[in-house]
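A.B. asks: Here you go, one structure.
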Amino acid sequence: MVIDIKEKERKVNSHKKRVNLIFKEHDIDKLIEKVLKTEPEKIIDEIKDSGLRGRGGAGFPTWIKLKGAREAKSDIKYVVCNADEGEPGTFKDREIIEKKAEKILAGMMAVAKAIGAKEGIIYLRAEYNYLIDGLQKKIDVFNKKLEDMKFDFTVFIKSGSGAYVCGEETSLLESLEGKRGEARNKPPYPAQEGYLGKPTVINNVETLVYAALIMLDGAECFKKLGTMSSKGAKVFSVSGDTDIPGIYEIEMGMTLKEFAELFGDSNTKAVQVGGASGFCVPRSKFEETVIGFEGVPTGGSMMLFSDKRSMYNILHNYLEFFVEESCGQCTPCRVGCQQLLKGIESIKAKEKSKKYIDELLELAKNMKITAKCGLGQSVCNPFISIVENFREEIVY
Amino acid sequence: MPEMVNLKINDISVSVEAGSTILDAAKKANIKIPTLCHHEDLCIAGNCRVCVVEQKGVNALKASCATPAEENMEIFTNTNKVREARKTIIGLLLSEHNNDCLHCYKNGNCELQSMAKDYLVDSDKYISILKNYEIDRSSPSIIKDDSKCIRCQRCVRTCAELQDVNALAVSGKGSEMKISTFMEKPMDYVVCTNCGQCVTHCPTGALVEKNYIDEVWDVLNDPSKHVVVQTAPAVRVGLGEAVGLDAGKSYTGKMVTALKMLGFDAVFDTNFSADLTILEEGTELLTRLKDKIENKKDVALPQFTSCSPGWIKYIEHEFPDILDYLSTCKSPQQMLGPLAKTYYAKSMGIDPKDMVVVSIMPCTAKKFEANRPEMYSSGYKDVDYVITTREFGRMIQQAGIDFETLKDSECDSILGKHTGAGVIFGATGGVMEAALRTAYEIITGREVPFSNLEVTPVRGLEGVKEATIKIEGCKAEWKFLENVELKVAVAHGLSNARPLAAQVQNGESPYHFIEIMACPGGCIAGGGQPMPVNNNIRKKRTEAIYNEDESLQLRKSHENPEVKRIYEDFLEKPLGHKSHELLHTTYTKRKKY
């Protein structure tokens, strides 16, 4: 069968849920002026009204962070843009940084105005260092613009230090401070004590851009899209066994069935939603699964697997990733990841009985409730969803 | 009134100060929660996760050591969910741990072992992922065995927070994460001061002292050797704990009896050479003051004490430009060694080559110190073996001695008498207090102006202590000190030493004399003392030291009859020719890496 890729792309692009907010041309000067004129409380109210939740994966309501940092008493506060896009299978922030950096900066400015910060830092994934020159030029123009308008806010770039865990907000802060990337204990949350102990709001690249757009066009433009608990749209990085991999902005609330029809084909066996730390959804559950906080949340990574893929290999690959990328400080994550990997290997090699998989499932569940940070807590997502849905491929 | 937070733990209502953790609250309710990475000397890590507890209405468990207690929280510390989670974590730790407990130096005194025993977790709950680590035996003081390490980072925090040395740090991530040194160099080649605080804060056998128990037994069993022993001031207040007794009591008499039973030919006391140190170091200070004030010479002041070998190596690495400010006096251990092999050997007609000097110290850095190349002034290695209080406790147990029932005995002459001033060397501020008792009296002919000779401003566990003593009514030869306000400072724990040393380096130090002890609390909580250690135990041992001082007739170093005698018979005078040869030393500039 000859696949008509053009036809597929057309189908996706004309889908009723396909939107164009992030990459659309916007009048940045107008946006900056609007932010300058808006009272801090009004900014927070507008964001609250929009229902915007963090686009990095965890989905924390953005306005709560802003409110927390606004109420924190400190002369010095910071805005940090989390551009440490490290989740396997996501590459949308790169595109946004390359094409729409001004909107990120405007979003940071809106957050700065809301909380009273004078400095903003973009923590840029080290692998994206090739973007620094272009980004810095845009920052220079932006900083100059704000200076001319007498708005006291300056943005800097900090090149990341390599580890996956630095995408976790408190590890990112440690790394920003020049320390080893390791998660902090929470509380205190960054909104109370963040960068250098000062109230800090950390947002994903995409969240900041949506915040900027909400400032420009009002909450309505955002909340009219999506579902009750998943407002707005989301930028997806689509990869894996698809003919049309790429970056797509789609309204929240699409079912995986719709998604697989658009991007996959009849051989699509499963979709890994949310990258290595996300959930594996088998074809049998596509119909009932909504992409969103009420179903499967995602930071944007959507990986399609065809029936030619071995789920054992996929799980093995993820576990190898976690074994290496755990920061290593807490026991459940450091040792647990190694045990999960070693465990499935041993079952495959018949060194351990099939029943050992249940011990490993228990271990994964315990990791979720005992690990120190989001990294260790989410290893159980792929492990449990792959093992439970494809047990026969892991244990045989 | 501090703000209070009310919560329930296992249905027991408890009220704690705002900012307290759930662990604090549980302690207050007399509920024990197991911990590994937590240590009250150190900042909160929250990384081992064994202290997890359940909060009503919350699915994820909370690390009780790292979670603030909140109003109306309902916490459960002993649910099935909690127990299973703890078992999982202990099992995970055991899976990366070298579980050859019978061959472990910490067998029976290991926090992981005792937890595994309590929770009935065996070592094969999970597959062993133990790596093949090379044991680092390069240091004369400390052995580092990564196969026993549980990555709790207590050592890292100790080295950074208490000591500001940072010889130990985390390297690698994920499965490669481990506790390492600069560029993975051996312990003997990095800035490690050998203080051993990492050893006393390590919950397992990953960091232990290099023990010389067998070597000491060998010489004790060699009839051709005359084996003398010296015991540091702090040993007597820690030894009880090492043989299973409660903290807070001094056991000088029983200790001497035990040493004689072990077979030492002569039992001496480092307190004697502590007294001698005061005479030498005090005279050195007065000479420096005289040169500065009367002779207007450019001399190095303030003078730093030099008794603590951890401090010496620290300043050699960190502040190599101000080594002139250190007293040239050897530590009491290294004064007694050469005196035993010269003065005492001669008086007994023993060939020093047949003599072995063993010292029992609360310290692991003393092992390094005894091996310094400068420490051969008797013509032989001045101190042959250094063992810690802990090793001594083991020897007593190996020998089957029922320590508690021993009768008291006294140290041997002619290096065994001591005063209360020598005893208090074991606590932070003790050297300063002893020096002031003697120096003030030399200068003025009167006792130091503190009630019962207790120089209270330099006592206690505050990190940096200061005192100012105005000198009035000087004897004729010290007239230049009339009305001088003698300013002194005392610091313990090397992180407290840094600001004082930095002041000196910047030429901004307001002091004349500064006492530094590497270990928090001083030698009573040295790296060679029994475990566990915390401020409560530090206070108990300190109290025992001061009680011993108070109970003694002689409490000023210059009144020690054997010290007087050694000057008459052998050394002639403080800072004399023989002193310089045997009791003073030089220092080495070292790099940071």
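The values are calculated or read from the model by the stated rules, or taken from the named source; none is laboratory data. Quantities reported herein were computed from a predicted structural model and do not represent experimental measurements. Every residue, glycine as well, gets a Cβ built from its backbone with ideal geometry; the counts of neighbours run over all protein chains shown.
A.B. asks: Does residue A:386 satisfy the condition of being β-branched (Val, Ile, Thr), touching a strand residue (DSSP E or B) at 6+ places or on another chain (Cβ under 9 Å), part of a helix (DSSP H, G or I) and more than 10 Å from chain B (Cβ to nearest Cβ)?
C.D. replies: Yes.
A.B. asks: Restricting to segment B:460-481, count the residues that are small (Gly, Ala, Ser) and under 30 Å from residue B:536 (Cα atoms).
C.D. replies: The number of residues fulfilling the criteria is 3.
A.B. asks: Looking at segment B:339-360, is at least one residue part of a helix (DSSP H, G or I), touching a Ser or Thr at 6+ places or on another chain (Cβ under 9 Å) and within 21 Å of residue B:196 (Cβ to Cβ)?
C.D. replies: No: zero hits.
A.B. asks: With the condition kept exactly as written, say whether any residue in segment B:472-492 is under 15 Å from residue B:315 (Cα atoms), surrounded by fewer than 21 Cβ atoms within 10 Å (Cβ to Cβ) and within 26 Å of the chain's Cα centre (by Cα).
C.D. replies: Scanning segment B:472-492 turns up no residue that is under 15 Å from residue B:315 (Cα atoms), surrounded by fewer than 21 Cβ atoms within 10 Å (Cβ to Cβ) and within 26 Å of the chain's Cα centre (by Cα).
A.B. asks: Now for a different question. Kindly indicate which of A:5, A:76, A:44 is closer than 30 Å to residue A:377 by Cβ and among the aliphatic types (A, V, I, L, M).
C.D. replies: Selected residue: A:44, the only one of A:5, A:76, A:44 that is closer than 30 Å to residue A:377 by Cβ and among the aliphatic types (A, V, I, L, M).
A.B. asks: From the set of residues in segment B:89-109 that are in contact with a Phe, Trp or Tyr (Cβ under 9 Å, 6 or more places away or on another chain) and part of a helix (DSSP H, G or I), which is nearest to the other protein chains (Cβ to nearest Cβ)?
C.D. replies: It comes out as B:92.
A.B. asks: For residue B:217, only one of the following conditions fails: (1) closer than 30 Å to residue B:145 by Cα; (2) free of Cβ contacts under 8 Å to residues at least 60 places away in the same chain. What is its number?
C.D. replies: Only one criterion in (1) closer than 30 Å to residue B:145 by Cα; (2) free of Cβ contacts under 8 Å to residues at least 60 places away in the same chain is unmet by residue B:217, namely (2).
A.B. asks: Report, by residue number, each residue of segment B:231-253 that is part of a helix (DSSP H, G or I) and touching a helix residue (DSSP H, G or I) at 6+ places or on another chain (Cβ under 6 Å).
C.D. replies: B:235, B:236, B:237, B:238, B:239, B:242, B:252
A.B. asks: Among the numbered criteria (1) within 14 Å of chain A (Cβ to nearest Cβ); (2) modelled with pLDDT of 95 or more, which one does residue B:124 miss?
C.D. replies: The single condition residue B:124 does not satisfy is (2).
A.B. asks: Looking at B:245, B:239, B:162, B:259, which one is surrounded by fewer than 21 Cβ atoms within 10 Å (Cβ to Cβ) and either of a type outside the set (Val, Ile, Thr) or within 14 Å of another protein chain (Cβ to nearest Cβ) (or both)?
C.D. replies: From the options B:245, B:239, B:162, B:259, the qualifying one is B:245.
A.B. asks: Could you grab me the full set of residues in segment A:14-47 that are of a type in the set (A, V, I, L, M, F, W, C) and over 18 Å from residue A:68 (Cβ atoms)?
C.D. replies: From segment A:14-47, those of a type in the set (A, V, I, L, M, F, W, C) are A:19, A:21-23, A:28, A:31-32, A:35-36, A:43-44, A:47; that's our starting set.
A:19, A:21, A:22, A:23, A:28, A:31, A:32, A:35, A:36 - these are the residues of segment A:14-47 that are of a type in the set (A, V, I, L, M, F, W, C) and over 18 Å from residue A:68 (Cβ atoms).
A.B. asks: If you scan segment B:277-326, which residues turn out to be in a loop (DSSP other than H, G, I, E, B), surrounded by fewer than 24 Cβ atoms within 10 Å (Cβ to Cβ) and of a type in the set (S, T, N, Q)? Before you say what the answer is, go through the steps one by one.
C.D. replies: Taking segment B:277-326 and keeping what is in a loop (DSSP other than H, G, I, E, B), we get B:295-302, B:305-308, B:319.
Going one step further and asking which of them are surrounded by fewer than 24 Cβ atoms within 10 Å (Cβ to Cβ), we end up with B:295-302, B:319.
The one that is in a loop (DSSP other than H, G, I, E, B), surrounded by fewer than 24 Cβ atoms within 10 Å (Cβ to Cβ) and of a type in the set (S, T, N, Q): B:295.
A.B. asks: Oh, and also: Got at least one residue in segment A:342-358 being at pLDDT 95 or above and under 23 Å from residue A:166 (Cα atoms)?
C.D. replies: No, segment A:342-358 has no match at all.
A.B. asks: Looking only at segment A:307-324, count how many residues are buried (at least 21 other Cβ atoms within 10 Å of the Cβ), touching a residue at least 60 places away in the same chain (Cβ under 8 Å) and either hydroxyl-bearing (Ser, Thr, Tyr) or facing chain B (nearest Cβ under 7 Å) (or both).
C.D. replies: Selection size over segment A:307-324: 1.
A.B. asks: Looking at segment B:226-257 only, could you name the residues that are of a type in the set (Ser, Thr, Tyr) and either over 13 Å from residue B:393 (Cβ atoms) or out of contact with any Phe, Trp or Tyr (no Cβ under 9 Å at 6 or more places or on another chain) (or both)?
C.D. replies: Those that are of a type in the set (Ser, Thr, Tyr) and either over 13 Å from residue B:393 (Cβ atoms) or out of contact with any Phe, Trp or Tyr (no Cβ under 9 Å at 6 or more places or on another chain) (or both): B:250, B:252, B:257.
A.B. asks: Okay, moving on. Can you confirm whether segment B:173-180 contains a residue that is among the charged types (D, E, K, R), at positive phi and either surrounded by fewer than 22 Cβ atoms within 10 Å (Cβ to Cβ) or not in a helix (DSSP H, G or I) (or both)?
C.D. replies: Among the residues of segment B:173-180, not one is among the charged types (D, E, K, R), at positive phi and either surrounded by fewer than 22 Cβ atoms within 10 Å (Cβ to Cβ) or not in a helix (DSSP H, G or I) (or both), which makes the answer no.
A.B. asks: Still on this structure: Just checking, how many residues over segment A:224-252 are surrounded by 18 or more Cβ atoms within 10 Å (Cβ to Cβ) and free of Cβ contacts under 8 Å to residues at least 60 places away in the same chain?
C.D. replies: Of the residues in segment A:224-252, 1 are surrounded by 18 or more Cβ atoms within 10 Å (Cβ to Cβ) and free of Cβ contacts under 8 Å to residues at least 60 places away in the same chain.
A.B. asks: If you scan segment B:521-537, which residues turn out to be within 16 Å of residue B:199 (Cα to Cα) and either part of a helix (DSSP H, G or I) or out of contact with any Lys or Arg (no Cβ under 7 Å at 6 or more places or on another chain) (or both)?
C.D. replies: Selection gives B:522, B:523, B:524, B:525, B:526, B:527, B:529, B:531, B:532, B:533, B:534.
A.B. asks: A follow-up question, please. Of all residues in segment A:333-370 being over 14 Å from residue B:129 (Cβ atoms) and within 7 Å of another protein chain (Cβ to nearest Cβ), which is surrounded by the most Cβ atoms within 10 Å (Cβ to Cβ)?
C.D. replies: The selected residue is A:370.
A.B. asks: Can you confirm whether segment B:51-58 contains a residue that is surrounded by fewer than 16 Cβ atoms within 10 Å (Cβ to Cβ), in a loop (DSSP other than H, G, I, E, B), more than 12 Å from chain A (Cβ to nearest Cβ) and over 31 Å from the mean Cα position of the chain (by Cα)?
C.D. replies: Yes: one or more hits.
A.B. asks: Which of the residues belonging to segment B:186-230 are assigned to a helix (DSSP H, G or I), farther than 15 Å from residue B:531 by Cβ and hydroxyl-bearing (Ser, Thr, Tyr)?
C.D. replies: Listed by number, the list holds a single entry, B:189.
Condition check ((1) out of contact with any Gly (no Cβ under 6 Å at 6 or more places or on another chain); (2) at pLDDT 95 or above; (3) within 30 Å of residue A:375 (Cα to Cα); (4) surrounded by 16 or more Cβ atoms within 10 Å (Cβ to Cβ)) across all residues:
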residue: A:2; (1), (2), (3), (4): yes, no, no, no
residue: A:5; (1), (2), (3), (4): yes, no, no, no
residue: A:18; (1), (2), (3), (4): yes, no, no, yes
residue: A:39; (1), (2), (3), (4): yes, yes, no, no
residue: A:53; (1), (2), (3), (4): no, yes, yes, yes
residue: A:56; (1), (2), (3), (4): no, no, yes, yes
residue: A:61; (1), (2), (3), (4): yes, yes, yes, no
residue: A:67; (1), (2), (3), (4): yes, yes, yes, yes
residue: A:71; (1), (2), (3), (4): yes, yes, yes, no
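A.B. asks: With respect to residue B:79, is the statement that it is under 31 Å from the mean Cα position of the chain (by Cα) and within 14 Å of another protein chain (Cβ to nearest Cβ) true?
C.D. replies: Taking the combined requirement at face value, the residue does not satisfy it.
A.B. asks: Continuing with this model, one more query. Of the conditions (1) assigned to a helix (DSSP H, G or I); (2) at negative phi, residue B:452 fails just one. Which one is it?
C.D. replies: Residue B:452 satisfies every listed condition except (2).
A.B. asks: Pull up segment A:231-274, narrow it to residues that are hydroxyl-bearing (Ser, Thr, Tyr) and at pLDDT 95 or above, then point me to the one that is farthest from the chain's Cα centre (by Cα). Explain how you work it out, then say what you get.
C.D. replies: First pass over segment A:231-274, keeping only residues hydroxyl-bearing (Ser, Thr, Tyr): A:237, A:239, A:242, A:248, A:255, A:266, A:268.
Among the residues that remain, those that are also at pLDDT 95 or above are: A:237, A:239, A:242, A:248, A:255, A:268.
Working: A:237: 11, A:239: 15, A:242: 21, A:248: 15, A:255: 19, A:268: 24 Å.
This residue is A:268.
A.B. asks: OK, next. Go through the residues of segment B:386-403 one by one and say whether even a single one is more than 21 Å from residue B:530 (Cβ to Cβ) and in contact (Cβ under 8 Å) with a residue 12 or more places away in the chain.
C.D. replies: no
A.B. asks: I've got another one for you. If you take the residues of segment B:92-124 that are within 23 Å of residue A:371 (Cβ to Cβ) and of a type in the set (Gly, Ala, Ser), which of them is surrounded by the fewest Cβ atoms within 10 Å (Cβ to Cβ)?
C.D. replies: B:123
A.B. asks: Hey, among B:584, B:558, B:577, which residue is loosely packed, with under 14 Cβ neighbours inside 10 Å and farther than 30 Å from residue B:154 by Cα?
C.D. replies: Within the list B:584, B:558, B:577, the selection yields B:577.
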